[in-house]
Every structure is written in structure tokens, then in C-alpha cells.
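Working notes, beginning with the structure itself.
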Amino acid sequence: MAVNALALCGCATVPVSQRRQLSLIPSQQLTSLSNQSYDKIISESTLSKDPQKVEMVERVGRGIAAATEDFLKNIGREEELANYEWEFVLIEDNEQANAFCMPGGKVAVYTGILPFTKDETGLAVVLAHEAAHAIANHGGERLSQLLLIQLGQITLALALREKPEETQRLAYIAYGVTSTVGVILPYSRTHEREADRIGLIIMAKAGYDPREAIAFWERMKEQEKIRPPEFLSTHPVPESRIEDIKRNIPEAMRYYKKN
């Protein structure tokens, strides 16, 4: 079967957790596809004109990007650095407490999350978490899963060559919220936990105290009025997430040197 063959040959390993993951999209093609998605999002968004906030996002972003690249070198994956061209933008949208990092290092922060980050360290929690998603290839893994689910026996090469609009639609889903309870959501929760763990290490390497991640997620928890049960959510419930972070703090502290 074409799908089974792809699944067998398209495997990679997530940093730190060493989990085997499905990875069917070549890095160059994934970056190109994600850049298209990023450009479309930016063209449809209003960028912040607040010079202090924009400068803070760019400054913290540069530190997180440098720490991320250093982390990849430390774990022997420096060849992956060629896949990244970092960019950090602040989107004016106070209704969205969110941020994302595309494969390839294009990062957007929504102004709605700044009341929760409060300061540079809180922002570093968010940016390191998003950078961790990128280097763990979570977007590529999710897109690979969606392609297999959506396209069945159609080979990946055919899907990418002859169904560009459908592939683009799946890419949006892969980089955002998914809705397949049986397959996609459990992986999404795994992705979040991996990004939390790797993100703590990255922010620590950038000189930010990883213990401050607990305070950030506590603030997010306090503001969350209604949430779905964990088994129907792409994110772990806050209590579970905070406990996992507390367990991973000692690991991250080994990398922490205060600037």
C-alpha cells in the first residue's frame, strides 16, 4: 500500500523526547508551503505600530532564535539551521491571545497575548514554546498526518503536485487548530507537552529563568473562563500542563545562566 510505504519510510525523531514521528514532507517543500501560509496571514493582518512593543518582540525573538540555533548545534542537528530564516512580527489583534512559529522560523505574536506575558520573560516563554514547535517539526508531522487521512491511497508526491489548493488548506489546519478527535488531537497534546519541555530549555539558554513559565501559565489559567475537557482539546488542561512544566524545570535549569 502506498500509504503504508510512506509511513514506514517517512520517520524522524523529536529532540529531547526522542519520540519517533511521521515526517513525509521534505524540509524545503515544507518551508516553502509554510512561507506561503505566513505571507497570506500577514497580508490579511494589521501589524502593530507601537514601536516599544514591536522592538520588544524583535529583541526577545532574536535571543530565542540564537538560543534555538545553539540548541540544534548542541544536539548535533546543525544541518537543520539552513532551513531557518527567522522573522518576528507583532500583529495588532487584542482578541487573540496567541502566537505561532511556522516551519522555517517565521514568527507572529498577537497583541492579545501581551497582557498575559507581562514582560520580556513572559514573552520568552511564548516565543521559546513556538520555536520548539518548529524545530520539533510538529507542523510537518501534523500536515503529514492530515495528508494521509485526507488522501488515502493517493501518494504524497501526487498530492503536493496536483492538489495545491487542498494541500494549502490542510497546511492551515496543520499550523492551527485541528478537529479529528481519534488521531489528530492526541498528537496535538503530545506536541504541546514536547514544545513546553523543549521551550523551557531554549528560554533558559537565552538567559530567561524557566521557572517564570509557571507564572505565565498560571495567569493563562486564571483568565480561562470556559474550556473543553482535555480529551477533546488540542492543549493539555492548565493544571496538567503546569504540573508537567514543574517536573521539567530541573532539566531546564541546567541550561540557565542569567544575563
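The values are calculated or read from the model by the stated rules, or taken from the named source; none is laboratory data. Computed from a predicted structure; not experimentally measured. We place every Cβ from the backbone using ideal geometry, glycine too, and count neighbours over all the protein chains shown.
Which residues, counting only those in region 199-222, are among the small types (Gly, Ala, Ser) and closer than 18 Å to Arg59 by Cα? Walk me through how you get there before you give the answer.
The first filter runs over region 199-222 and keeps only residues among the small types (Gly, Ala, Ser), leaving 199, 204, 206-207, 213, 215.
The answer is Gly199, Ala204, Ala206, Gly207.
Where residues in region 55-112 are assigned to a loop (DSSP other than H, G, I, E, B) and among the aliphatic types (A, V, I, L, M), which of them is farthest from Lys205 (Cα to Cα)? First the steps, then the outcome.
Within region 55-112, the subset assigned to a loop (DSSP other than H, G, I, E, B) is 75-77, 84-86, 92-98, 102-105.
Of the ones still in play, those that are also among the aliphatic types (A, V, I, L, M) are 75, 97, 102.
Details: Ile75: 13, Ala97: 25, Met102: 21 Å.
Ranking the candidates gives Ala97 first.
Would you tally the residues in region 177-234 being modelled with pLDDT under 80 and assigned to a loop (DSSP other than H, G, I, E, B)?
Our first condition is that a residue be modelled with pLDDT under 80; within region 177-234, this holds for 177-187, 223-234.
Cutting the leftovers down to assigned to a loop (DSSP other than H, G, I, E, B) gives us 177-183, 224-229, 233-234.
Residues flagged as modelled with pLDDT under 80 and assigned to a loop (DSSP other than H, G, I, E, B) within region 177-234 amount to 15.
Tally up the residues in region 2-19 that are modelled with pLDDT of 70 or more and either farther than 25 Å from Leu200 by Cα or assigned to a strand (DSSP E or B) (or both), please. Steps first, please.
Our first condition is that a residue be modelled with pLDDT of 70 or more; within region 2-19, this holds for 11-19.
Retained after the next criterion (residues that are either farther than 25 Å from Leu200 by Cα or assigned to a strand (DSSP E or B) (or both)): 11-13.
Within region 2-19, residues that are modelled with pLDDT of 70 or more and either farther than 25 Å from Leu200 by Cα or assigned to a strand (DSSP E or B) (or both) number 3.
Look at region 60-105 and say how many of its residues are touching a residue at least 60 places away in the same chain (Cβ under 8 Å) and of a type in the set (Lys, Arg). Quick ask: steps written out before the conclusion?
We begin by selecting, within region 60-105, every residue touching a residue at least 60 places away in the same chain (Cβ under 8 Å); these are 60-61, 63-68, 70-72, 75, 77, 97, 100, 102-104.
If we keep only those that are of a type in the set (Lys, Arg) as well, we get 77.
Matching residues across region 60-105 total 1.
Does at least one position in region 56-70 carry a residue that is out of contact with any Leu (no Cβ under 9 Å at 6 or more places or on another chain), at pLDDT 95 or above and β-branched (Val, Ile, Thr)?
Our first condition is that a residue be out of contact with any Leu (no Cβ under 9 Å at 6 or more places or on another chain); within region 56-70, this holds for 59, 62, 66-68, 70.
Among the residues that remain, those that are also at pLDDT 95 or above are: 59, 62, 66-68, 70.
Subset that is β-branched (Val, Ile, Thr): 68.
Checked against the condition, which is being out of contact with any Leu (no Cβ under 9 Å at 6 or more places or on another chain), at pLDDT 95 or above and β-branched (Val, Ile, Thr), region 56-70 yields at least one hit.
I'm told Ser27 meets every condition in (1) closer than 28 Å to Ile214 by Cβ; (2) surrounded by fewer than 21 Cβ atoms within 10 Å (Cβ to Cβ) except one. Can you identify the failing condition by its number?
Condition not satisfied by Ser27: (1).
Would you check which residues across region 192-215 are under 19 Å from Ser23 (Cβ atoms) and either buried (at least 24 other Cβ atoms within 10 Å of the Cβ) or aliphatic (A, V, I, L, M) (or both) and list them? Spell out the reasoning first.
Step one: of region 192-215, the residues under 19 Å from Ser23 (Cβ atoms) are 192-195, 198.
Residues satisfying the conditions are Ala195, Ile198.
Do the conditions hold for Leu114, that is, is it closer than 21 Å to Tyr208 by Cα, in contact with a Ser or Thr (Cβ under 8 Å, 6 or more places away or on another chain) and buried (at least 19 other Cβ atoms within 10 Å of the Cβ)? Break it down stepwise before answering.
Working: closer than 21 Å to Tyr208 by Cα: yes; in contact with a Ser or Thr (Cβ under 8 Å, 6 or more places away or on another chain): no; buried (at least 19 other Cβ atoms within 10 Å of the Cβ): yes.
Criteria not met by Leu114.
Only one of (1) basic (Lys, Arg); (2) in a helix (DSSP H, G or I); (3) farther than 27 Å from Gly112 by Cα; (4) at pLDDT below 90 is not met by Arg247, so which one is it?
(4)
Could you check, for region 145-162, whether at least one of its residues is within 18 Å of the chain's Cα centre (by Cα) and at pLDDT below 90? Let's see the steps before the verdict.
Of region 145-162, the ones within 18 Å of the chain's Cα centre (by Cα) are 145-146.
Imposing the further condition that a residue be at pLDDT below 90 reduces the set to 145-146.
Scanning region 145-162, I find at least one residue that is within 18 Å of the chain's Cα centre (by Cα) and at pLDDT below 90, so the answer is yes.
Against the condition closer than 16 Å to Ala136 by Cα, at pLDDT below 95 and out of contact with any strand residue (DSSP E or B) (no Cβ under 6 Å at 6 or more places or on another chain), how does Leu22 come out, does it pass?
On the way: closer than 16 Å to Ala136 by Cα: yes; at pLDDT below 95: yes; out of contact with any strand residue (DSSP E or B) (no Cβ under 6 Å at 6 or more places or on another chain): yes.
The answer is yes for Leu22.
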